[in-house]
1. Quickly rank 79-92, 165-178, 119-132 as a protection proxy: mean count of other C-beta atoms within 10 Å, highest first.
2. What nm distance separates the two modelled labels at Asn77 and Asp57, each placed 7 Å from Cα along Cα→Cβ?
3. Within the P(r) computed for region 106-211, what percentage of the Cα pairs occupies the region above 21 Å?
4. For Ser208, Ser100, which order do you get if you count the other beta carbons within 10 Å of each Cβ and list the fewest first?
Amino acid sequence: MHTMLQDLRFATRQLLKSPGFTVASVLTLTIGIGANTALFSSMDAVVMHPVVVPQLDRVMAVSEEQDGGYHWVTLGNYEDWGRQSRSFEQMAVFAQVDMSLTGAGDAAHVEAARTSANFFGVLQTPAFLGRTFLPSDTQPGSDGVAVLNYGFWLREFSANPNLLGQKIELNKHTYTVVGVLPKTMQYPPAIDIFVPFAPTPQQLENRSDHD
């Protein structure tokens, strides 16, 4: 113990003699600790606490087979499957998109997903705060709402519970934050923000585009 105290006194004197080095060292440690904390939070959510979906063995992903390969489903066929299927209780759809978040500090790239209103119902995942999407949110012109991933809410908005009802800008369009998902919801992986999928009638009749 005596030796350790001597080492600490010596280290303190050396640091006081070189304030520039001390500041640089503290900043380096701060950045390193912050980066490791962020990485651990992501790993903790995705690996150590994977998505919790009741009866996950009853949830399936479906796709179209065409020309010997599998493709995303066209919206026209998705609509037909939803009406005609007797094998599934319900079907939902999502499409991953890149967006830019503005109006909340520096502009930031975010991974977003457009989803049908029942997407969270299929996964039996209620909101941690606020709500998820209503059928009315997926009508063209009424889709200006957003639901945040828990990690994104924590990282970008410091877990501010008063964020509900506030507006954010995605790709220069205004969205109102209506909900935050629970920490265990990590599907699709790496998604920061969910926005409603509001296809036009013409898009719903399309049976050729697999995007």
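Bear in mind that the values in this text are calculations on the coordinates, not laboratory data. Here the structure is a predicted model, which is why all the values come from computation and not from measurement. Cβ sites come from the backbone with ideal geometry, for glycine too, and all protein chains shown count toward neighbours.
1. The packing order, highest mean first, is 119-132, 165-178, 79-92.
2. Result for the modelled spin labels: 2.9 nm.
3. Cα-Cα pairs of region 106-211 separated by over 21 Å account for 33 percent.
4. Ordered by Cβ neighbours within 10 Å, fewest first: Ser208, Ser100.
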